[in-house]
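Inspection log for the structure reproduced underneath, given as structure tokens.
The values are calculated or read from the model by the stated rules, or taken from the named source; none is laboratory data. As the structure is a computational prediction, the values presented were derived from the model and not from experiment. Because the Cβ atoms are built from the backbone with ideal geometry, glycine has one as well, and the counts that use them run over all protein chains shown. SASA here: full protein model, heavy atoms, side chains in, ligands and nucleic acids out. Shrake-Rupley method; radii C 1.70, N 1.55, O 1.52, S 1.80 Å.
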Amino acid sequence: MKRWFYTQVVKYRKAIMVAFVLLAICSAVMYPKVFVDYDIAHYLPEESPSTVALKVMQEEFGGDLPNTQVVIRDVSFNDAADFRKKLEAIDGVIDVTWVDSMLPLNMPVEVLPEPLTEAYYKDRNAQFLVTVDEDKQIETIPAIYDLIGEDNMLTGNSAITVVATVNSVREIIIITIIAILFLIFVLIITTTSWVEPIIILIGLLIAVVINSGTNLVFGKISFVTNAAGMILQMAVALDYSVFLIHRFNEREDDSDPEEAMVDALTSSSSSIMSSGLTTVIGFLALAFMRFLIGADLGLALSKGVAISLITTLVFMPGVILASYRWMERTSHRRFLPSFEKFGRFVLKVTMPMVIIFALAVVPSFMGSRSNDFWYGGSHIYGPETRIGSDGEKIREIFGDVDSYMLMVPRGDSSTQKALVRELKEIDKISNILGPEEVMGMTLPPEALPDSIINQLRTDRYDRMVLTVAVPAEGDETYALVQTIRKVSEKYYPGEYRLVGVGVNNADLKDVITGDTLKVNLIAIIAVFLVLLLTMRNIALPFILVTIIETAIWINMSISVLTGSHMFYMSYLIVSSVQLGATVDYAILFTQRYRENRNELGISPRESVVKTITENTVSIMTSALAVSVMGFLLAWFSTQGIIAQIGLLLGRGTLCSLIAVLFVLPGLLITFDRFVMHSFGGKKRELSEKQTL
């Protein structure tokens with residue numbers, strides 16, 4: 001059946017090539033229509049408390065949370081009040097919160113508590129909390145920048161979204177161009193034809209374009225998927241076409257090219273499919289995350305690898321058959337030397353490496369879980385960027401200040417007052433402004449203007465503004481959110497609603513950390529089962545999964561040693577991606593080791609040398625592609641999460657490469673008797689020479 005299918009592929013190759021090209025053109029047209037979402041909070045589960053609370057607030061009070069901070073330097077109080085009106089006049093600005101917007105009637109600013117006023121006006125610096133319409137922020141944020149000039153500061157989620165949107169397009173173009181040039185260089189030195197790299201790139205680009213355009217079926221994709229998806233797909237799928245071309249080139253000189261291609265497809269498809277399947281499964285594990293950015297990236301990458309597999313096995317045969325004569329005419333000598341000496345060197349050091357690796361398993365596992373993590377997006381841009389620098393300057397002036405909105409059912413005034421009294425006793429809450437507090441400052445409720453009443457009270461809810469002295473995220477923030485919820489639950493069990501940037505980040509922490517065990521277990525168990533079924537061996541899945549998982553733990557532990565914070569999202573995504581993308585190297589090495597043992601009748605040690613000699617180029621080609629593309633993301637992306645995903649993937653791939661080339665050979669030699677056994681078949685009897 002398999003041979004019949006590939007015979008049809010070769011027979012109708014011209015029609016297939018036309019169909020793929022047309023599909024790629026349609027996908028290229030669809031790609032600009034794929035909406036990219038840069039707001040991390042949008043990927044919280046719908047049932048998370050902060051998401052539910054935000055929906056209630058929007059329904060009851062309209063509008064949204066302030067998503068932009070603007071600070072004007074050296075300005076008088078009256079001029080700051082005039083500046084607020086200029087901000088409000090910008091198209092796309094829904095609301096601007098400042099000191100005077102909280103004053104009922106013509107009350108003087110002195111009636112407001114000092115902690116509240118200092119959150120907005122301090123040392124002749126005025127801070128405005130601006131709510132920007134998400135549908136207009138691309139036009140609105142640049143207009144605010146034009147208004148405030150170079151000397152003043154702007155930060156916040158909306159500004160971060162716009163900067164990420166503008167920068168990502170430019171950065172993706174730069175990274176893609178450099179990645180393609182690097183792939184051409186790698187393929188030139190690892191192949192024996194000047195045309196072969198171009199043929200391989202044609203297949204890669206067709207698959208990437210089709211995958212990128214068909215992301216339209218998801219409705220939207222995350223900024224992580226948009227920035228990293230294409231690069232990761234090219235990197236992990238590179239070796240599929242390489243493997244097929246090499247199999248085709250092993251044909252006899254007088255063989256029929258079409259029959260040789262069918263033979264190459266029949267003999268190589270199982271290896272290509274098993275390699276691709278483990279990669280798909282590693283990515284699909286991300287789809288089980290409750291935090292939807294992981295699911296978004298997992299589904300898009302799984303689809304991309306599946307498309308790359310189909311492209312390799314269905315589209316590429318036609319391309320290869322149309323161009324193999326050009327490959328023969330443009331052949332050149334192999335630029336890389338033989339790796340036999342390297343294989344002999346590995347044989348000498350592999351046992352000490354196994355011991356070192358074994359000793360590193362437990363410490364690296366513990367170290368990988370000892371990182372200092374960021375869970376939200378407040379640290380996405382560093383101080384080397386304007387938006388990151390502006391955020392640092394604002395914190396220097398006003399300190400760590402945030403505002404939460406607490407909504408409680410309207411009704412019992414005494415219960416609300418008791419809640420407020422207990423909340424005011426919490427150290428990090430500097431002020432609470434609610435209906436009762438405003439009414440206590442001035443005239444009876446009926447004398448208050450509707451603009452004040454509508455901000456704080458509806459028919460169903462009263463809303464209080466809590467000014468808190470904590471950053472947008474961090475241990476202090478998470479503890480404070482938990483305390484506020486505990487106190488609110490005491491007075492309004494199951495009825496209160498709490499919203500705010502810090503509240504979102506606290507929920508992100510709970511959701512993302514809750515995904516860790518589930519995602520890792522799914523990836524490990526699924527890859528283990530695939531290896532068990534494809535290799536028909538019980539020992540090998542344990543060996544290969546342990547090898548790659550330990551490489552992952554070592555990779556994550558390096559961040560502890562360098563003392564750098566890690567985005568938990570990057571940690572979780574790369575843990576799955578590194579497993580799916582690099583376990584292929586261990587599979588290829590092990591399969592060739594077993595083939596050499598069975599077919600050539602050589603000893604375990606000689607089999608290791610031969611396997612390294614024949615397969616180091618293939619393994620290093622793929623590993624260097626993944627690693628360098630990861631480092632390209634790290635070097636060129638100004639977006640912290642994307643850059644860190646690139647750094648971890650680049651570094652992690654090198655860790656996996658070292659483990660496969662230096663540690664796996666020693667394990668295969670040590671456990672050779674178990675490695676060579678296949679269940680469901682006859683155990684091969686080895687000669688005395690073969691067991692040496």
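So that you can scan it fast, the table gives a plain yes or no per residue for (1) over 27 Å from ILE40 (Cα atoms); (2) open to solvent by 30 Å² or more (accessible area, probe 1.4 Å); (3) acidic (Asp, Glu):
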{"site": "LEU633", "(1), (2), (3)": "no, no, no"}
{"site": "GLN639", "(1), (2), (3)": "no, no, no"}
{"site": "GLY646", "(1), (2), (3)": "no, no, no"}
{"site": "ARG651", "(1), (2), (3)": "no, yes, no"}
{"site": "VAL660", "(1), (2), (3)": "yes, no, no"}
{"site": "LEU664", "(1), (2), (3)": "yes, no, no"}
{"site": "PHE671", "(1), (2), (3)": "yes, yes, no"}
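Test ILE310 against the stated conditions and say whether it is among the β-branched types (Val, Ile, Thr) and surrounded by 19 or more Cβ atoms within 10 Å (Cβ to Cβ).
Here the answer is no, as ILE310 does not meet what is asked.
Restricting region 127-171 to residues that are in contact with an Asp or Glu (Cβ under 8 Å, 6 or more places away or on another chain) and under 17 Å from ASP402 (Cα atoms), which is most open to solvent (accessible area, probe 1.4 Å)?
In the first step, residues of region 127-171 are kept if they are in contact with an Asp or Glu (Cβ under 8 Å, 6 or more places away or on another chain); the result is 130-131, 134, 136, 139-140, 143, 153-155, 157-158, 161.
Filter once more, so that each one left must be under 17 Å from ASP402 (Cα atoms): 130-131, 153-155, 157-158.
Working: VAL130: 0, THR131: 4, MET153: 2, LEU154: 0, THR155: 19, ASN157: 62, SER158: 2 Å².
The qualifying residue most open to solvent (accessible area, probe 1.4 Å) is ASN157.
Filter region 519-535 for residues that are closer than 22 Å to LEU297 by Cα and in contact (Cβ under 8 Å) with a residue 60 or more places away in the chain and give the result.
Correct list: VAL519, ASN520, ILE522, ALA523, ALA526, VAL527, VAL530.
Write out, first by first residue and then by second, each pair whose Cβ atoms fall under 7 Å of each other, whose residues are 6+ apart or on separate chains, and whose first residue, in region 536-552, is within 17 Å of THR653 (Cβ to Cβ) and among the small types (Gly, Ala, Ser) while the second is at pLDDT 90 or above and in a helix (DSSP H, G or I).
Taking only residues 6 or more apart or on different chains, the pairs are ALA551/GLY652; ALA551/CYS655; ALA551/SER656; ALA551/ALA659.
Considering only region 282-303, I want to know if a residue exists there that is farther than 29 Å from ILE173 by Cα and surrounded by fewer than 21 Cβ atoms within 10 Å (Cβ to Cβ).
Yes, region 282-303 contains a residue that is farther than 29 Å from ILE173 by Cα and surrounded by fewer than 21 Cβ atoms within 10 Å (Cβ to Cβ).
Could you please find all residues in region 177-203 being farther than 22 Å from SER627 by Cβ, touching a residue at least 24 places away in the same chain (Cβ under 8 Å) and part of a helix (DSSP H, G or I)? Write out each step before concluding.
Keep residues of region 177-203 that are farther than 22 Å from SER627 by Cβ, which gives 192-195, 198-199, 202.
Now restrict to residues that are touching a residue at least 24 places away in the same chain (Cβ under 8 Å): 192-195, 199, 202.
ILE199, ILE202 - these are the residues of region 177-203 that are farther than 22 Å from SER627 by Cβ, touching a residue at least 24 places away in the same chain (Cβ under 8 Å) and part of a helix (DSSP H, G or I).
Please go through region 370-394 and give me each residue that is under 19 Å from GLY294 (Cα atoms) and of a type in the set (Val, Ile, Thr), ordered by number.
Hit for region 370-394 is ILE380, nothing else.
State all residues of region 147-194 that are among the charged types (D, E, K, R) and in contact with a helix residue (DSSP H, G or I) (Cβ under 8 Å, 6 or more places away or on another chain); if no residue qualifies, say none.
GLU171
If a residue has to be open to solvent by 10 Å² or more (accessible area, probe 1.4 Å), polar (S, T, N, Q) and under 28 Å from MET327 (Cβ atoms) to count, how many in region 213-257 make the cut?
2
Please work out which one of (1) assigned to a helix (DSSP H, G or I); (2) without any contact (Cβ under 8 Å) to a residue 24 or more places away in the chain is the condition TYR6 fails and give its number.
(2)
Among the residues in region 303-320, are any under 16 Å from the mean Cα position of the chain (by Cα) and among the polar types (S, T, N, Q)?
Among the residues of region 303-320, not one is under 16 Å from the mean Cα position of the chain (by Cα) and among the polar types (S, T, N, Q), which makes the answer no.
From the list SER274, SER308, SER270, pick out the single residue that is closer than 21 Å to ALA625 by Cβ, assigned to a helix (DSSP H, G or I) and modelled with pLDDT under 80.
Numbers: SER308 fails: modelled with pLDDT under 80; SER270 fails: closer than 21 Å to ALA625 by Cβ.
Matching residue, one of SER274, SER308, SER270: SER274.
Quick one: how many residues across region 554-594 are open to solvent by less than 40 Å² (accessible area, probe 1.4 Å) and farther than 30 Å from VAL609 by Cβ?
Total satisfying the criteria: 15.
Looking at LEU321, LEU265, LEU309, LEU277, which one is aliphatic (A, V, I, L, M), touching a Leu at 6+ places or on another chain (Cβ under 8 Å) and touching a residue at least 60 places away in the same chain (Cβ under 8 Å)? Reasoning before the result, please.
On the way: LEU321 fails: touching a Leu at 6+ places or on another chain (Cβ under 8 Å); LEU309 fails: touching a Leu at 6+ places or on another chain (Cβ under 8 Å); LEU277 fails: touching a Leu at 6+ places or on another chain (Cβ under 8 Å).
Selected residue: LEU265, the only one of LEU321, LEU265, LEU309, LEU277 that is aliphatic (A, V, I, L, M), touching a Leu at 6+ places or on another chain (Cβ under 8 Å) and touching a residue at least 60 places away in the same chain (Cβ under 8 Å).
Which ones in region 520-539 are open to solvent by less than 10 Å² (accessible area, probe 1.4 Å) and either of a type in the set (Gly, Ala, Ser) or in contact with a Phe, Trp or Tyr (Cβ under 8 Å, 6 or more places away or on another chain) (or both)?
Correct list: ALA523, ASN537.
Residues are listed down the side, and each one gets a yes or a no for (1) over 19 Å from ILE645 (Cβ atoms); (2) out of contact with any Leu (no Cβ under 7 Å at 6 or more places or on another chain); (3) of a type outside the set (Ser, Thr, Tyr):
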| position | (1), (2), (3) |
| --- | --- |
| THR176 | no, yes, no |
| LEU183 | yes, no, yes |
| ILE198 | yes, yes, yes |
| ILE221 | no, yes, yes |
| ASN249 | yes, yes, yes |
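Are any residues in region 336-370 open to solvent by less than 40 Å² (accessible area, probe 1.4 Å) and small (Gly, Ala, Ser), and if so, which ones?
Passing the criteria: GLY343, ALA360, SER364, GLY367, SER368.
Out of LEU297, LEU265, LEU321, LEU313, which single residue is part of a helix (DSSP H, G or I), over 21 Å from LEU529 (Cα atoms) and touching an Asp or Glu at 6+ places or on another chain (Cβ under 9 Å)? First the steps, then the outcome.
Working: LEU297 fails: touching an Asp or Glu at 6+ places or on another chain (Cβ under 9 Å); LEU265 fails: touching an Asp or Glu at 6+ places or on another chain (Cβ under 9 Å); LEU313 fails: touching an Asp or Glu at 6+ places or on another chain (Cβ under 9 Å).
Just a single option satisfies the conditions, and that option is LEU321.
Being more than 24 Å from ASN249 (Cβ to Cβ), touching a Pro at 6+ places or on another chain (Cβ under 8 Å) and not aromatic (Phe, Trp, Tyr) is the filter here; which residues of region 261-295 pass it?
ARG290, LEU292
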